[in-house]
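What follows is a single structure, written as structure tokens, with notes after it.
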Amino acid sequence: PIKYRENLWGAWAFLIGIILAVLVGLFTRNRTHPTVLGVLAILGLVVGYFVSEKEVKTFLLATVSLVIVSFAGLQGMVLDAAIREFEIGAIVSSVLNALLVMFVPATIIVALKTVFAIAKG
């Protein structure tokens, strides 16, 4: 129970951020208001701040993978070419963009915390 309470803020920020990113992607189609993107970035910072030291490796591996795949998906948009008739490409692109806005700050915070922990010895 203590462990669970200790990471409660990070878990809620993560859940809210994922839901918000998907909703933003579904309904805005790359016309997202900057305030919403700012909220996603702040949620990413909160998530990154509350990642515990024992979960750093897993978190960094997962988020770096997600960031790379999302960026590659935005650049290639192979899916967009395959399903252009259904206009799903704009939705997928918007969801990936919103996820990037949230996970890049979280990844940076966790990476910086890790570097400082290594420097401390």
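The values are calculated or read from the model by the stated rules, or taken from the named source; none is laboratory data. Please read all numbers here as calculations on a predicted model, not as lab measurements. Heads up, the Cβs are rebuilt from the backbone with ideal geometry, glycines too, and the neighbour counts pull from every protein chain shown. Accessible surface is based on the protein model in full, side chains and every heavy atom, while ligands, DNA and RNA are left aside. Shrake-Rupley method; radii C 1.70, N 1.55, O 1.52, S 1.80 Å.
Between Leu74 and Leu23, what is 0.36 nm times their sequence separation minus the Cα-Cα distance? Round to one decimal in nm.
Residue separation times 0.36 nm, minus the Cα-Cα distance, leaves 16.6 nm.
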* To do: Find the all-direction average of the projected area of the Cα convex hull for the stretch 2-66, expressing the result in square nanometres with one decimal place.
  => 4.8 nm²
* **Additional length obtainable on full extension of the chain from Thr35 to Tyr49, 0.36 nm per residue less Cα span** => 2.9 nm
* In the full protein assembly as shown, how much of Thr35 is accessible to a 1.4 Å probe, in Å² to the nearest 10? -> 90 Å²
* To do: Would you mind computing, in nm to one decimal, how far apart the modelled labels at Leu112 and Val64 are, each placed 7 Å from Cα along Cα→Cβ?
  => 1.8 nm
